[in-house]
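Here is the structure we will look at.
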Amino acid sequence: MIEVRVSARVNPTETEAKVRTAVQSIFPLADLIYNKTDDTGLCGMVEGTTGLEGLRHFHLLLREEEIIDTARTQFEVGMSRNAPSTSFRISKFVAFVGRLNFPADEEPLGSLHVTISAGSSFELQRLMEWLAPPTEKGKILFEPDIEDVEST
């Protein structure tokens, strides 16, 4: 079973609504909540979860932005040694306008933090192939179906 967890810091210079917009522009099916992190209510975290279906838009954006190779690298770098999962960051500001970018480091006002977990290493591998399949000279070699991810 695939679980996607996403979180983003809400800074005093931002609104909860704008941070929610950034998250939902990448993961429109994510169920989001807001948690205050201080007594003033000016700072907090937008956090949410979704499943495999919630990755369809992310899948599409990787192709529209033509960043499949970059995504595969981010997934590999973020692989956990202890569990079948991977973690990576997405630019909050770029996401706000519906685009996708993987920042090299944490952004000054924070990034979207994403963790994708699977029921097994094999399932995670299938998911990574569906999201970011192998390419040659920028062209996708084969395009797995979403049904292949959780079918085993």
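The values are calculated or read from the model by the stated rules, or taken from the named source; none is laboratory data. Everything quoted here is computed from the prediction, not taken from an experiment. Every residue, glycine as well, gets a Cβ built from its backbone with ideal geometry; the counts of neighbours run over all protein chains shown. The accessibility values were calculated without ligands, DNA or RNA, using every heavy atom of the protein model including side chains. Shrake-Rupley method; radii C 1.70, N 1.55, O 1.52, S 1.80 Å.
Being closer than 24 Å to Ala83 by Cβ, open to solvent by 70 Å² or more (accessible area, probe 1.4 Å) and out of contact with any Cys (no Cβ under 8 Å at 6 or more places or on another chain): is that true of Met1 here?
Yes; evaluated as a whole, the condition is true for this residue.
If you take the residues in the stretch 1-22 that are aliphatic (A, V, I, L, M) and farther than 17 Å from Glu106 by Cα, which one is modelled with the lowest pLDDT?
Step one: of the stretch 1-22, the residues aliphatic (A, V, I, L, M) are 1-2, 4, 6, 8, 10, 17, 19, 22.
Those still in the list that are farther than 17 Å from Glu106 by Cα too: 1-2, 4, 17.
On the way: Met1: 92, Ile2: 96, Val4: 98, Ala17: 96.
By that ranking, first place goes to Met1.
From Ala8, Ala17, Ala104, which residue is among the hydrophobic types (A, V, I, L, M, F, W, C) and open to solvent by less than 50 Å² (accessible area, probe 1.4 Å)? Spell out the reasoning first.
Numbers: Ala17 fails: open to solvent by less than 50 Å² (accessible area, probe 1.4 Å); Ala104 fails: open to solvent by less than 50 Å² (accessible area, probe 1.4 Å).
After applying the criteria, what remains is Ala8.
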